[in-house]
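None of the figures in this text is laboratory data; all of them are computed from the coordinates on show. Owing to the predicted nature of the structure, the values given are computational and were not obtained by experimental measurement. So basically every Cβ, Gly included, is an ideal-geometry build from the backbone, and we count neighbours across all protein chains shown.
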Amino acid sequence: MASAENNYILVINGKPEGPFTIDGLKQRRIKPGDFVRTDAMNDYKEAHEVAELRQLFGFKEQVFLQYFAAFDQRATAAVLDWFFVSAVCVIPAFLVSIFITDRTIGLGLAASLLIIIPVMNLIYHIIMEGSAKQATFGKQILKIKVCDMQGKPISRSHAVGRNFAKVFSILTLFIGYLYAFFNKQQQCLHDKIAGTLVIKDRL
């Protein structure tokens with residue numbers, strides 16, 4: 001008789017059913033993204049996350065199932081990041097300007113922010129996306145992150161390439177960003193060039 005630990009509850013059409021043995025799951029044509037649970041599990045897992053079920057799908061290692069970040073999530077994260085970076089730059093500049101009596105210097109300081117903010121934003125994205133978090137603070141709030149085409153974290157140098165590739169998305173009059181609407185992986189032009197994805201936590 002099969003152990004209770006090897007009997008799986010399977011979520012079908014949003015409702016848990018079973019328990020099923022592995023053979024029973026096979027008969028029901030279970031898919032890698034289907035949610036299952038045994039008495040030994042604390043919570044449901046996707047089938048591909050369970051080692052003994054991977055044989056049903058013809059692979060030995062856990063596959064990467066991609067849940068791509070929507071354009072509105074990415075846009076909201078970008079707005080948040082611009083706000084954070086701008087605040088970090090503008091607040092010190094404002095405090096310094098209080099003590100500057102020369103209007104020319106004050107205007108020069110204000111104008112310099114037009115260069116400083118984009119440069120700081122670029123550096124910020126490279127550091128954060130190439131970190132263990134894989135995301136800027138804006139992306140973390142929206143629970144999305146940057147990865148390579150296999151779902152793995154990108155290196156700092158890869159993050160450099162991705163963020164400099166944004167030049168092409170901008171030079172196309174931002175049409176490069178709208179490219180995300182025309183491909184299944186919702187990649188912007190710079191993602192396509194750099195070989196990166198922006199993904200979200202599974203539902």
Give, to the nearest whole percent, the P(r) tail of region 87-146 beyond 15 angstrom, counting all Cα pairs.
59
Name the most mobile residue of T136, T38, T76, meaning the one with the largest mean-square fluctuation, in a Gaussian network model of the chain with Cα contacts below 10 Å.
T38
Can you compute the FRET efficiency between F137 and Y44 using 1/(1 + (r/R0)^6), with r the Cβ-Cβ distance and R0 = 30 Å? Round to the nearest 0.05.
0.50
With charges only on Cβ, +1 for K and R and -1 for D and E, what is the dipole size of the chain about its Cα centre, in debye, rounded to 20?
360
Projected label distance in nm at N13 and V119, using a 7 Å step from Cα toward the beta-carbon
6.2
Evaluate the relative contact order of the chain (contact order divided by residue number), counting alpha-carbon pairs under 8 angstrom at least 6 apart; express in whole percent.
16
Furthest towards positive pole of dipole, G130, A165, I193, structure part region 124-203, Cβ charges:
G130
The convex hull of the Cα atoms of region 8-158, divided by residue count, gives a volume in Å³ per residue of 153
Can you give the Rg to Rh ratio of region 4-57, both from alpha-carbon atoms, with Rh computed by the Kirkwood formula?
0.90
Nearest 0.05, what FRET efficiency do Q185 and Q27 give at R0 = 35 Å with Cβ-Cβ as r?
0.60
Sorted from largest down, what three extents in whole angstroms do the Cα atoms of region 71-200 have along their principal axes?
55, 31, 26
Which of the listed residues, F83, L114, T38, is farthest toward the dipole's positive end in the chain, when Lys, Arg count +1 and Asp, Glu count -1 at the beta-carbon?
L114
Each residue of region 191-200 in order: what ³J(HN,Hα) in whole Hz does its phi give by Karplus 6.51 cos²θ - 1.76 cosθ + 1.60, θ = phi - 60°, with x for Gly and Pro?
5, 4, 5, 7, x, 10, 10, 10, 10, 10
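Could you work out how much longer the chain between I100 and S157 gets when fully extended? Use 0.36 nm per residue separation minus the Cα distance between them, nm to one decimal.
Values: separation 57, 0.36 × 57 = 20.52 nm, distance 3.96 nm.
Value of the extension gain: 16.6 nm.
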Give the cross-link partners of K192 among the lysines, using a straight C-alpha distance below 23 Å as the criterion and excluding same-chain residues fewer than 8 apart.
K133, K139, K143, K145, K152, K166, K184, K200
